[in-house]
Each structure stands twice: as C-alpha cells, then as structure tokens.
Amino acid sequence: MSLIILCTLVGLAPPSNVRAYDAPDDGGGVINVEWQLSTDDAQTDAYEIYRSENGSDFVKVGLIGRSRQFYQDQTTEDGILYAYKVATVSDTVRALSEPSPEVISTPSWINVAKVNIYVAMLIFGGLILYYIYHARKGKELFIRKIAGLQAIDDAVGRATEMGKPILYVLGLGYIEDIATIASLNILGEVAKKTAQYDTKLIVPNADPIVYTVAREIVKESYTNAGRPDAYDPESVFFLAREQMAYAAGIDGIMTREKPATNFLVGYFAAESLVIAETGAATGAIQIAGTDALAQLPFFVTACDYTLIGEELYAASAYISKRPLLLGAIKGEDWSKVIIAAALILASIIGLVSQFPILSLFQ
Amino acid sequence: MNISTDPWVWIASILSIAILSFLYKENPFFRAAEHIFLGVANGYLVTFYWHRILMPILFRPLFQQGDLLLIVPFIVGMLYLTRFIPRVSWLVRIPIAIYMGYWTGVLIPATIQAQIIKQVQGTILTAPNFQSWNAGTSGIAWSVIVFIGVLCTLSYFYFSREHKGVIGFTSRIGIVFVMIGFGAAFGYTVMARISLLIGKLQYLLGDWLGIIK
Amino acid sequence: MKKRIPLILIFVAGLLGVISFVIPHPSYQVYDAWIRNDLLRVLSAFAVVLALGSLLRVHSDKIRRKRRNWQYSWLLLIAFAVSAIIGLFGGVAADGILPTTIGSFSYDIQTLYENIVIPLASSMFALLAFFMASAAYRAFRVRSMEATLLLVAAFIVMIGVLPLGYSISKHLPAFVQWILNVPNVAGQRGIVLGIALGVVATSLKIILGIERAWLGGGE
Amino acid sequence: MKIYERLNKIDRRIIYAILFVVVTLPLIFPSVLKVTPMTPVENLFTAVDKTTDDKALILDCSYAPQIKAEVEPMAIAVLRHAFKTRKKILVLSLYVEMIGLATRALNQVVEEFNSVAETYEDSIIYGRDYVFLGWQPPPIVPMLGMGESISNIYVVDYYGNQTDTLLMMQRIRNYNDISILVALSGSRIPISWVSYAQNRYGLQVGVGCTAVSGADFYPYYQTGQFTGLMVGMKGAAEYEELVEANHGVKGRRVASEAMLSLTYAHLIIMLFIVIGNIGFFLHRRKK
C-alpha cells in the first residue's frame, strides 16, 4: 500500500521497451533481457528484473546496477513461456515496466557465433594437411637451419669426450602440452645418440604421465640404436610435481653429477632460471627451448642456445627428419603468410572504410 | 630481540637457510633439505589425489552409490599398471591415448580463438584499436609500431627460406622487438624477485630471530 | 594392434575434444562434462601411482646398493612416508582418523605444507634474486646486437621501476610502461602467433596419428 | 690474473655476498626512502579518501603467504588510511587459506590505533568502524551476491555475529553503498571483480598486485576499469607515503623501508653489469 503511494508521490519513471529473447549459441536455460533506461536513471539505485510463467505473478529473479540495460537470466527452464518486467528502484520505491513479449529458452546444437573460428580451423588445418600430403608424395622441402639444433651433436660428443652424463629436463608440462610433445621428440633423438656413444643419460620428470611416455621413448631409442643392453631403466625417473621441489631436485643432480650438457626443453615456469643458472655455474653447455613466453628472457640470458617458441616445434620436426612432420612446417609457414595478409587487408579496410572490421574477429 | 618459540617457525627457518646455503656451494644441509622437500611434496601429492580425486569422484560414487559407469575410468586407469607386466605393457598406451587425444582436441579451437583470432584483432590498424591505448593521437603511432613489430617477428619464424634478402631484413627487425621485450621483462622481474628475497629475510630476521620487528 | 588401437583411440578422443567446443547443447555437454571431470581426472590420478613407484624404486635401490649419498634417500623416504600417512589418515582438513595435534602443537597435512613446502619453495624463489644478478652480470655484455638490446632494455627498466627513476626524469616510469606495452607486446604477439600455429599443427598431427613419438619412438 | 680478466670473471659468490649485504643491512637498520607517488597510486588514494560518511569501502585481502612481502604492506596502508580518516571498511578474503593473513593485517592495525586511543570515540570499534566478513566460497558468489545484499551473502561475519545486526551494516546494504573495492591479490581475482561486480553493478575497483602481475594489469588501469593501481613493494611504499603525508599517520612503513634494499639491489646488479662490460672491453682491446 505505502509502496504504491510513495511511487506516485515521487513519480519514478519505469524503464521502457522491455525485450526478452533466447540467448543464442548456448546450452539453453538462459534468456537475455534488454530495456531502455528510465528517464530517472540518475536517481535510481538499481534495476530489478521480474519474471512470470503465467503472465500475472511476477517474481524477482535479479538485480543490476544503474545505467545498465541488459540482464542475463540464467535460471530459466527450457520450453516454458516467460514474460519479464523490469523495475526502477530507488530506496524502497519501485516503478515496474510493462511486461515484455513472451519468450522461451532453447539449447542450440551448433555454436554459430564461433563461425570465424571454424573458418580459421579449416584454412589452417587444410594448409597443414595439404603440405603433409605433399610431403608424403616425396616432394623435397627446404627448412632453414635452426641454431640450437646444430649444437645437439656437438653437445653429445662433448659429454662423451669428457666422460660425463647428459641431463635432459622435460619441464613441468603435461602430456597434452605441445612443448612437452616436441621435447619428447627431441629426447628420442638425443637418446639415440647417447646410446651410440654410450653416454649416461639422466631424465628427471615432473609429471606422472609424461614420465611414463618418456621412459618408453628412451627405451625404444636404445633398441633402435641397436643397444638395448645399454638402456638403464633408472635413467628416466619421477622427481616431484611441485615446481620448486622439482627444481631443487634438479639443482642437486646438476651439482652432484656435473653433467657436460643440459637440455632444458619443454614447458617451464619461474623455476627456469633456478635450473638454468645452476647449470651455467657447473660449466655445462646448455640448450634450452620453450614456448613459455615469460621464461624465454631467462633462458636467453643463462643458456648457450635457446629455441624460441615455434623454433622448438620446428626443431622437433627437423631433428626427426620425417618428411611428414616437415610438411606440417610448410603448412604453418603458409598460414603465417595468410595471417600477415589478413592483418594488412583488415587494416586497409579498417582505415579507409566505416566497416566494423574488428567484429569479424570477435 | 625476542626469538620465536614456535617449533614450526624454527623448522621453516632452518630449512630455508639450508636452501639458501646452496648459493655458497652444494652441501649436506642443502642435500638434506632437497630430499625432505621431495619427500613432503610427494606426500602432499598423494594426499591430494586420494582425498580430492580418487575418493570423491571414483571410489565413493562407485562403491557406495553404485554409479557403475565409473567402472570404465577405473579399468582404463588400472591399465597404467600394466607397465609392470612386460607382455601386456603396451596397454598403457590406451589411457595415454585417451587423455592426450581429448586435450589436444580441445586445444585446436581454443588456440585459434585465444591465440590467433584475438591477437590478430588487437593488431589491426583501425580507429577502435587506436583509441584503446587511451593516448590520444599517439595511439596511432603505438598501433603502427605494434603492427610492424608483429609482422617482422612473424617473419623471423618463417622457416621455408634462409634469412636473406627481404626476410633477412624483416626478421632482424623482428629480433630487435623480441630482444627489447626480453630485456625489459628481465629488468622488470628483478624487482619482483628481490621483493621475494626481502620477504624471506623479513621472516628470518623478524618472525624467527626477532631482530627486526 | 599394439599401435593401431591406441591410434584409433587418440583419433576418437581428439574428435570429442574438438566437438565439445562446437556443440553447446546440454544433451551433449553432459557427456563432455563426464569425460573431463570423471574419466580424465581419474586417469591422471592413476598415473601418479606409477610416478611414485618410480620415485620410491630409485631411492630404495640407491639405499640397497649403497650408491653415493644413499643416506639422503632415507630422508626422502621417511619424509614421504610420514607426510603421506598424516595426509591419508589425518585427512586434508585434519578430519581423519589419525589425531593431528599434541597439546597445542598440530601437525596435520596443511600445517606440514605451510611450514615445510611453502618455506622451501619460497627459499628457492629467493635464490632467484641472486641468480638474476649473476645471470645478468654474465650475459649482458655488448658483444652482439642481441645482447646489447637485452642490456639496454633491462637497464632502462631496472632504473625506471625504482623510486630513483622518477627523480632522474619524470617521464622515465611512463617510458618503462611504454616499452612493456608497445615493443614488448609486438614481439610477444609475433611469438604467440607462431606458437599458436605450431600448436594447431602438432595437435592435428597427433590426432591423425602422424606424430607418434608418444607411442615410444620409431615408425 | 690481469685486472681485466678479474673484472670479466668475478666469482658469482662475491656477487651473491655483496647483494646479500646490501639487501639485509637496510632491513636491520631501517630508514625510509622518500618516494614520489605515481598517478595510478594517487588515484586509488583519492578514491578511498573521497569515501563519504554514508558509504563504506571493501578491502579484499586475497593474497597467499608467498606474496605477503609485496602485498601485506598495501593492506596495512589502506587500513591505516581508512581508520585514520574514519572511513567505514569491510574486510574479506575470497579463499579460506588467505583468511589468516587478512586477520593478521587487520589485528595489527586495529591494535596500533587502539593502543593510543584515549576515548571510546577515538577507538576503532568492531561493528561501528569496521566489519570482518571472512570468507564465502566460491569467489563468484560474493562477487555477484553483494550487488544485491551483503548481509544475505555473509549472513554471519567471521566472528559469528549476525551481519545485519551490526551498527554499521544498518546503512551498508549492497554495492550502492560502497565507494570502492580495493582488491589485493597475486592472481587474476581483480579482473573477476571487474567482470562480475563492475560490469553488472558499476562497482569501482582499485587494485594492489605483485610486481609480476603489474605489467598485465596496467592496461585495465589505462582503460579505467581499475580506478587505481598499486604495483609491488614500490606501489605499497607510495601509498604509505600518501597516507603519512596527507593524514600524518605514524607507524612502521615496511614497504618504504624495503625500498632502500630494493634500490641498492638494483644498483648493485647494474654496477656488476657495468663492471662486466668494462672487463669485456679491456679484454677485447688487449686482443
């Protein structure tokens, strides 16, 4: 009663043009509500959103701050007809709008809003697959030399001469991290060389699943190199998942075993410099590679060679010398040309026309 | 001076000093701290996996609530243990394949969205991007510099040609951007790491020894 | 069979991963949620058994064969056993069957974590302060263009972030911010785009069974 | 060994020892380095300062022990600012494991004020001047829910009192009664505050973060989503300076004291880089 009186006294204007529609491209259960601000927006505390299932009993479902004209109701049940009202609120006074037209929420099968991503997936995936297919047909593919890669042979040779082990650190990455997978490829090749030269290999791990795979790869490399007898099952082992416990363990190994060469290849976090600087202090040659942007400065500073980002993936394909893997690099290169072209083209459109070019990349 | 009487403060402090002693050289104290670190960190790992994963999402629902579907993860998970049985040890590849396959699949669209589309969007030369710097007309200059930097750096990662001619030139410009960035990031991180050292010293000198208050 | 079954599985699983992005419909998302939250998490937990097996084997072996520094392996095994028992039976929140206090002294797993793991980890972080100094001293020399750029940028930023920087020039802090926001971002974006393409390519190769190092090397 | 060889190859332990000394000495013999507050910190200070009597500010202490050194001084400086100028303040923490640190900072500052207070009016009184809401999981719940009603989300405060019975909560109902939220964190929590509380309810958000997150957070300040920003120990020292200069608050200024250690450390590292390059030059000339 008093509420109605106050309302008429103050004369707070309700919001207008309330519109409700099913939220697109979602799993259902969501309705978007939009309205035009009350003319008294500056005096309001907030807007309240009311919902009804039968057109008469409106129940409050949400509240949102002043100057806002959009609310997402995430509590709807699919298939039920709803109507919405929005109220202007000032202290205890409320002014309710006219109800919105009725609406139901439904789930979508395909996320249409992401169509730009599907297009990009098709272009990049297509290019990569096309060149892999080309490579399969035996076409020669040129890949430029990658500095850190050339050093691997020397590094293994040096360790053999000095009679010291090689330490291969895979980092903190999980098996699905691409840096880890690239690193495992390189590990396979390094293990083949240590098998040939009969050099001791040490591979401490931080992830349980990566550990199981690394073990398998090293074992296989020794078999392929014709030295299954030289394989030491304890050369690949698990250390710790905890970042700094892993680093402490590696620091211990570095200072006690004094490896001639350290490979620090994979995904790393802040422990990167702890490991790399300890390795540098022991006088080892260090070859690093990671796609962890934040750690690259430290590897570049403390290591002899650093494979930066994509160089790591390229190195892993290069070292395995498998044409199919090299073909993918060609596909990536053409993708880069496309990205550069898209950037230039979009900029030209964005500069000379009024077309909202950024919306294509939402 | 009021030295701490809390045994845990003593344990934490002695372990900390053992780690810091590594700066002088590797020594028995560091070695002891390192092994305790590995032991306790893994003890915590076991606890975490048991109480937070295996019990609540596998054993309790499977054996107490009879959610029989969970037999699948149980059996597939057990395949990891075939590693110890040489004749069927290849079965370990099954859980690895499922785990790795799913996450790499998720990675493809997610990477394209967050790393390619978004980065390209932020680099395009157009009015809204100029304004996003909140720097007036200089915003145009900053956008142009970023635009050139991105293209040049990208050319450094072009592997199909030697770095000669045009690509040689652009990739060298790209490296300039990369190295300035690395140097800046290094210099910036110094402050953060010194702050952590200060924090450690404040703990040792304050909470433990009570020299500083 | 030893290779074909895993390769088929990785293809199917990969496809499921991609599809989870495309189909928001709840009748599919419930399956996706089950894969993520139940299946894959349980799998990762089982791998921990293998990993810890490796750790314990390496160290018990070291003790048995009395290899160099074998005494320390005892320390590791005891620390592991004690903390695992406290954690498993004492409960994560000290709510298990094992009592985790004696008088006012408590030793539940969270206390262990806070007073052993965290101080040890933060000490390793403190080492970083020193390592940054020695790495900078060694590497920041004007020997090549790359090293010189590193040196100059690091120098400017190191002064600029100090209170001293502002007294040298009022514009220095803003200039530092500019380096971080403009050239640094440009270089990073270039690297990120390359990485992203590599990730897409490698993921495709894995799902299609072209990249199969994870099977254990060889063709 | 020739002089240039020495300069070129200083033993790392000498560098470590000198660095250790220059960082430790200023901590044992504290003195405050004068800092000039930067605009992002000033903006935060002003926003807190302008809080009117009918409003309160919220301090979110969501920082872990690992980053205490950088962020705790910020919490203390903001609390001193609020208590000295009689702003009503709500303290909370989004994670249970961080409650301990929030309590520690709060108790320290309350004790500072109450140990010198002579009258009831001068004292800092729980429920009248401040409320410790504690912790309510998961983070998104309080972030969104407080837009409607604070006492519905935190039905009881950290000490178990009915929140809506506390004196100060009679007028503080939801975000409309909050002048600014200061989020202290080492993670991406401040961005969540923006995307939930600010985008929906227009809450002003100020931030204190570690030096590492500073570079990532700066763009949010630039676009105005963060009203103000304190980065690392230096940001904390600047806030301490503002509180002391404007309101004459006396108390130990941990971050300002650490500034001296930080400055010396930077200068020593730079000095070694210069020495290394001199050695390198001389060495190359000899060749």
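The values are calculated or read from the model by the stated rules, or taken from the named source; none is laboratory data. Here the structure is a predicted model, which means the values were calculated and not measured. Note: ideal-geometry Cβ built from the backbone for every residue, glycine included; neighbour counts use all protein chains shown. Ligands, DNA and RNA are stripped out before the accessible areas are found, and what is left, the full protein with its side chains, is counted by its heavy atoms. Shrake-Rupley method; radii C 1.70, N 1.55, O 1.52, S 1.80 Å.
If you scan the range A:316-339, which residues turn out to be without any contact (Cβ under 8 Å) to a residue 60 or more places away in the chain, in a helix (DSSP H, G or I) and either more than 7 Å from every other protein chain (Cβ to nearest Cβ) or surrounded by fewer than 18 Cβ atoms within 10 Å (Cβ to Cβ) (or both)?
The answer is A:Val337, and nothing else.
Within the range C:138-183, how many residues turn out to be open to solvent by less than 10 Å² (accessible area, probe 1.4 Å) and among the aromatic types (Phe, Trp, Tyr)?
1
Going by the structure shown, is D:Arg171 open to solvent by 20 Å² or more (accessible area, probe 1.4 Å), more than 26 Å from D:Pro65 (Cα to Cα), more than 14 Å from chain A (Cβ to nearest Cβ) and in contact with a Lys or Arg (Cβ under 9 Å, 6 or more places away or on another chain)?
No, not satisfied.
Which members of the range A:256-293 meet the condition of being part of a loop (DSSP other than H, G, I, E, B), charged (D, E, K, R) and within 27 Å of C:Arg68 (Cα to Cα)?
A:Lys258
Okay, residues lined up against (1) assigned to a helix (DSSP H, G or I); (2) of a type in the set (Ser, Thr, Tyr); (3) more than 14 Å from the chain's Cα centre (by Cα); (4) under 27 Å from C:Thr111 (Cα atoms):
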| site | (1), (2), (3), (4) |
| --- | --- |
| D:Val78 | yes, no, no, no |
| D:Asn107 | yes, no, yes, yes |
| D:Ser151 | yes, yes, yes, no |
| D:Tyr158 | no, yes, yes, yes |
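Only one of these is in contact with a strand residue (DSSP E or B) (Cβ under 9 Å, 6 or more places away or on another chain), within 14 Å of another protein chain (Cβ to nearest Cβ) and not in a loop (DSSP other than H, G, I, E, B): A:Thr106, A:Thr88, A:Thr75. Name it.
Selected residue: A:Thr88, the only one of A:Thr106, A:Thr88, A:Thr75 that is in contact with a strand residue (DSSP E or B) (Cβ under 9 Å, 6 or more places away or on another chain), within 14 Å of another protein chain (Cβ to nearest Cβ) and not in a loop (DSSP other than H, G, I, E, B).
Say whether the condition of being within 18 Å of D:Val78 (Cβ to Cβ) and either more than 20 Å from the chain's Cα centre (by Cα) or of a type outside the set (A, V, I, L, M, F, W, C) (or both) is met by at least one residue in the range D:116-128. Break it down stepwise before answering.
The first filter runs over the range D:116-128 and keeps only residues within 18 Å of D:Val78 (Cβ to Cβ), leaving D:124, D:126.
Right, trim to either more than 20 Å from the chain's Cα centre (by Cα) or of a type outside the set (A, V, I, L, M, F, W, C) (or both) and you get D:124, D:126.
Scanning the range D:116-128 turns up at least one residue that is within 18 Å of D:Val78 (Cβ to Cβ) and either more than 20 Å from the chain's Cα centre (by Cα) or of a type outside the set (A, V, I, L, M, F, W, C) (or both).
Considering only the range C:90-114, how many residues are surrounded by fewer than 18 Cβ atoms within 10 Å (Cβ to Cβ) and either acidic (Asp, Glu) or modelled with pLDDT of 95 or more (or both)?
So the count comes out to 2.
Take the conditions at the interface with another protein chain (Cβ under 8 Å from one of its Cβ atoms) and not hydroxyl-bearing (Ser, Thr, Tyr) and apply them to B:Pro61. Does it pass?
The answer is no for B:Pro61.
Which condition number does D:Val91 fail, the rest of (1) surrounded by fewer than 21 Cβ atoms within 10 Å (Cβ to Cβ); (2) of a type in the set (A, V, I, L, M, F, W, C); (3) modelled with pLDDT of 95 or more being met?
Of (1) surrounded by fewer than 21 Cβ atoms within 10 Å (Cβ to Cβ); (2) of a type in the set (A, V, I, L, M, F, W, C); (3) modelled with pLDDT of 95 or more, only one is false for D:Val91: (1).
Restricting the first residue to the range D:147-173 and requiring it to be closer than 20 Å to D:Asp54 by Cβ and touching a residue at least 24 places away in the same chain (Cβ under 8 Å), which pairs with a second residue that is open to solvent by 30 Å² or more (accessible area, probe 1.4 Å) and in a strand (DSSP E or B) meet a Cβ separation below 7 Å and a spacing of at least six or different chains?
Cβ pairs passing all conditions: D:Thr163/D:Val156; D:Met168/D:Lys88; D:Ile172/D:Lys88.
So, A:Pro14, is that one in a loop (DSSP other than H, G, I, E, B) and surrounded by 18 or more Cβ atoms within 10 Å (Cβ to Cβ) or not? Lay out the reasoning, then the answer.
Working: in a loop (DSSP other than H, G, I, E, B): yes; surrounded by 18 or more Cβ atoms within 10 Å (Cβ to Cβ): yes.
Yes; evaluated as a whole, the condition is true for this residue.
Within the range B:183-195, how many residues are within 7 Å of chain C (Cβ to nearest Cβ) and open to solvent by less than 10 Å² (accessible area, probe 1.4 Å)?
7
Could you check how many residues of the range A:42-67 are without any contact (Cβ under 8 Å) to a residue 40 or more places away in the chain, touching a Lys or Arg at 6+ places or on another chain (Cβ under 9 Å), open to solvent by 10 Å² or more (accessible area, probe 1.4 Å) and over 26 Å from A:Pro107 (Cα atoms)?
1
Being more than 30 Å from D:Thr223 (Cβ to Cβ), more than 7 Å from chain B (Cβ to nearest Cβ) and in contact with a helix residue (DSSP H, G or I) (Cβ under 6 Å, 6 or more places away or on another chain) is the requirement here; does C:Ala126 meet it?
No; evaluated as a whole, the condition is false for this residue.
Restricting the range B:196-213 to residues that are of a type in the set (A, V, I, L, M, F, W, C) and not in a helix (DSSP H, G or I), which is farthest from the other protein chains (Cβ to nearest Cβ)?
Within the range B:196-213, the match that is farthest from the other protein chains (Cβ to nearest Cβ) is B:Leu209.
Of the residues D:Leu203, D:Leu242, which single one is assigned by TED's automatic domain parsing to the domain that holds D:Leu181, closer than 21 Å to D:Ala69 by Cβ and either basic (Lys, Arg) or touching a helix residue (DSSP H, G or I) at 6+ places or on another chain (Cβ under 7 Å) (or both)? Outline the logic, then answer.
Details: D:Leu203 fails: closer than 21 Å to D:Ala69 by Cβ.
None of the others qualify; the one that does is D:Leu242.
Considering only the range B:14-23, I want to know if a residue exists there that is within 8 Å of chain C (Cβ to nearest Cβ) and polar (S, T, N, Q).
yes
Do we have D:Thr103 as surrounded by fewer than 24 Cβ atoms within 10 Å (Cβ to Cβ) and more than 14 Å from chain B (Cβ to nearest Cβ) here?
Answer is yes for this residue.
Please state which one of A:Val274, A:Val265, A:Val218, A:Val213 is within 12 Å of chain C (Cβ to nearest Cβ), in contact with a strand residue (DSSP E or B) (Cβ under 8 Å, 6 or more places away or on another chain), of a type in the set (Val, Ile, Thr) and touching a residue at least 12 places away in the same chain (Cβ under 8 Å).
Values: A:Val274 fails: in contact with a strand residue (DSSP E or B) (Cβ under 8 Å, 6 or more places away or on another chain); A:Val265 fails: within 12 Å of chain C (Cβ to nearest Cβ); A:Val213 fails: in contact with a strand residue (DSSP E or B) (Cβ under 8 Å, 6 or more places away or on another chain).
Among A:Val274, A:Val265, A:Val218, A:Val213, only A:Val218 is within 12 Å of chain C (Cβ to nearest Cβ), in contact with a strand residue (DSSP E or B) (Cβ under 8 Å, 6 or more places away or on another chain), of a type in the set (Val, Ile, Thr) and touching a residue at least 12 places away in the same chain (Cβ under 8 Å).
Any idea which of (1) at pLDDT below 90; (2) hydrophobic (A, V, I, L, M, F, W, C); (3) within 27 Å of the chain's Cα centre (by Cα); (4) over 30 Å from A:Leu351 (Cβ atoms) is the one B:Phe84 doesn't satisfy?
Every listed condition holds for B:Phe84 apart from (3).
Within the bounds of the range C:40-48, is there any residue that is closer than 30 Å to C:Val18 by Cβ and open to solvent by 70 Å² or more (accessible area, probe 1.4 Å)?
yes
Which numbered condition in (1) under 23 Å from C:Lys62 (Cα atoms); (2) touching a helix residue (DSSP H, G or I) at 6+ places or on another chain (Cβ under 6 Å) is the only one that A:Leu184 fails?
(1)
Can you name the condition, by its number, that D:Tyr221 falls short on among (1) hydroxyl-bearing (Ser, Thr, Tyr); (2) more than 14 Å from every other protein chain (Cβ to nearest Cβ); (3) part of a helix (DSSP H, G or I)?
That leaves (2) as the condition not met.
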